[in-house]
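**Q** Before I ask anything, here is the structure I am working with.
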Amino acid sequence: MNSFATPTRQTPDAAMLFGFWYRALASERVRHNRLQKAMLLEIPLVIGRDAQGRAFALRDACPHRGMPLSCGLFDGQQLECSYHGWKFDAHSGQCQLIPSLTADQKLREDRIYAGAMACAEHDDYIWVFVPEPGPAGAGATKPEEPPMPAPRVPTFSSAYKLAYLTADMPVNVDHGIIGLMDPAHGPFVHQAWWWRSRHSIHEKQKAFEPIPKGFRMSAHTPSSNSAHYKLLRLYADAEFITTTIDFVLPNLRSETIRAGKYWFSSLTTVTPITRNRCRIDVVAAWNIFRWLPFGPRLLKFVFGKFVEQDRRTMELQAEGLKHDPHLMLIDDADRPAKWYFQLKQAYMDARRNGGEMRHPISGPVTLKWRS
Ligand code: FES
Ligand SMILES: [Fe+2]
């Protein structure tokens, strides 16, 4: 009997990974010269846009005595704390003024920083780079330069449409992520007459391979038990359709479907908000049915149904998880979930020991399950 035949006890520890980009807020929620609160990895943030429309993010606590900066005034360039009027540059967080100082007092306010974080905006979202926490009591400095650019939705032509949707999940980030990569819940949770019923369940076999900090379900012709793939093949006049699904730490799932010159892609993220809450954001891009005016609305409707089914399921699951039951993961259907935990562990080990991250998947693997 091989070691994979026994279920693995698994209790998600909900450890949150620092040193990565995270989606903070949908762009349309942050207006010019206004301040908006957000929360990422249990860090309260204030997010805004300067007079030129450039987004910024700061820890929502004044470095003086902790007043939320989101309670202060913003003139399009500087934030003024509402408690003692200290002023900070919105992008660098550098202190520009301490009104209580007299002319002969020598405190260098420019050495004081509010905790600014690197910010990027694209594909309808504001992304924030959440650095590793500094040593306790060290205070904030200039925002850290991120080692990599913020992730993007894959695109394959210059013209395309874009839509997003977002849903709060009352579970920790690990349950959010493994819920997303779990193939076996489909026939039970995602039933719809235009999609599939639980009676369409059948055996599937998929090829996986390791990629940096993650794994890929390799390109293949999608299974024919869903109507929309049949339709797509007909419409695109393509011989076959290839689908690639990647999962990459800390929380990125990208899916690309290509049929001839047509394509559809999405980048889904599961963002840790607090230890017990996460948020799923799906951004999709496509050049299929581009001229149809209801394209984005139809897509939002379809995706919205799926995400709502997942959200409702996780809401119920949260009830069951309240009192810390023992959990297990089984092969092969839960193997991606096991990989996720192993990747996370390998990443944290590498961080701690300073070495290269040891990839838990040694080579291509084929997984089988019924769904
Ligand atoms: S708490 Fe912000 S200026 Fe004092
Ligand atoms: Fe789902």
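Just so you know, all these numbers are worked out from the coordinates, no wet-lab data involved. Bear in mind the structure is a predicted one, so any value in this text is a computation, not a measurement. Heads up, the Cβs are rebuilt from the backbone with ideal geometry, glycines too, and the neighbour counts pull from every protein chain shown.
**Q** Which residues' amide hydrogens lie under 5 Å from the amide hydrogen of Cys62, considering only partners 5 or more residues apart or on another chain, with H built in the peptide plane?
**A** Met67, Leu69
**Q** Next question. So what's the projected area for the chain, the Cα convex hull averaged over all directions, in nm²?
**A** Seen from a random direction, the Cα hull of the chain projects 21.9 nm² on average.
**Q** Enumerate the calculated ³J(HN,Hα) couplings along the stretch 317-322 in order (Karplus 6.51 cos²θ - 1.76 cosθ + 1.60, θ = phi - 60°), each rounded to whole Hz, writing x wherever the residue is Gly or Pro.
**A** 4, 4, 4, x, 7, 3
**Q** A further question on this structure: Mind ranking 319-327, 172-180, 116-124 by how tightly packed they are, going by the mean number of other C-beta atoms within 10 angstrom, highest first?
**A** Descending packing order for the listed peptides: 172-180, 116-124, 319-327.
**Q** Quick query: amide H of Leu25 versus all other amide H atoms, modeled in the peptide plane; which residues come in under 5 Å with a sequence gap of 5 or more or a different chain?
**A** Correct list: Ile126.
**Q** About its Cα centre, how strong a charge dipole does the chain have in debye, to the nearest 20, once Lys and Arg get +1 and Asp and Glu get -1 at the Cβ?
**A** Here the size comes out at about 720 debye.
**Q** May I ask you to order 97-104, 24-31 by the average number of other C-beta atoms within 10 Å around their residues, highest value first?
**A** Answer by packing, highest mean first, reads 24-31, 97-104.
**Q** Would you calculate, for the chain, the mean residue ellipticity at 222 nm contributed by helices, counting each DSSP H stretch of 4 or more residues as -39,500 (n - 2.57) and dividing by all residues, to the nearest 500?
**A** -6000 deg cm²/dmol
**Q** If you don't mind, another one. Chymotrypsin sites (Phe, Trp or Tyr not before Pro), restricted to the stretch 75-140: which are DSSP loop and have at most 15 other Cβ atoms within 10 Å?
**A** Tyr83
**Q** Could you work out the relative contact order of the stretch 143-218, using alpha carbon pairs under 8 angstrom and six or more residues apart, expressed as a whole percent?
**A** Contact order relative to length: 12 percent.
**Q** Ala103 versus Ser218, label points 7 Å from Cα toward the beta carbon: distance in nm?
**A** The modelled label-to-label distance comes out at 7.7 nm.
**Q** Straight-line reach only, C-alpha to C-alpha below 30 angstrom: list the lysines that Lys204 could link to, leaving out same-chain residues fewer than 8 apart.
**A** Within the straight-line cut-off, Lys204 pairs with Lys213, Lys230, Lys261, Lys300, Lys305, Lys338, Lys344, Lys368.
**Q** Could you give me the ³J(HN,Hα) list for the stretch 123-131, computed from phi with Karplus coefficients 6.51, -1.76, 1.60 and θ = phi - 60°, whole Hz, x at Gly and Pro?
**A** Karplus-based 3J(HN,Hα) across the stretch 123-131 equals 6, 6, 10, 9, 9, 10, 8, 9, x Hz.
**Q** Each label point is 7 Å from the Cα along the Cα-to-Cβ direction; what then is the distance between the points at Lys322 and Lys368, in nm?
**A** The two pseudo-label positions are separated by 4.1 nm.
**Q** Now for a separate question. Angle, helix 227-236 long axis vs. longest principal axis of the chain, Cα atoms, 0 to 90°, nearest 10?
**A** Approximately 90 degrees, to the nearest ten.
**Q** Provide the FRET efficiency to the nearest 0.05 for the Gln345-Ala51 pair, computing r from the beta carbons and using R0 = 41 Å.
**A** Efficiency, from the Cβ-Cβ distance: 0.35.
**Q** Reachable lysines from Lys87, Cα under 27 Å, same-chain residues fewer than 8 places away excluded?
**A** List returned: Lys37, Lys106, Lys142.
**Q** For the pair Gln205 and Asp168, what calculated FRET efficiency results from E = 1/(1 + (r/R0)^6), where r is the Cβ-Cβ distance and R0 = 56 Å, to the nearest 0.05?
**A** In this case the efficiency is close to 0.95.
**Q** Distance in nm between label sites at Phe18 and Glu42, each 7 Å beyond Cα in the beta-carbon direction?
**A** Between Phe18 and Glu42, the simple spin-label model gives 1.1 nm.
**Q** Using 0.36 nm per residue, how much length does the chain from Ala138 to Arg297 gain when fully extended, once their Cα-Cα distance is taken away?
**A** That pair, Ala138 and Arg297, stretches by 52.4 nm at full extension.
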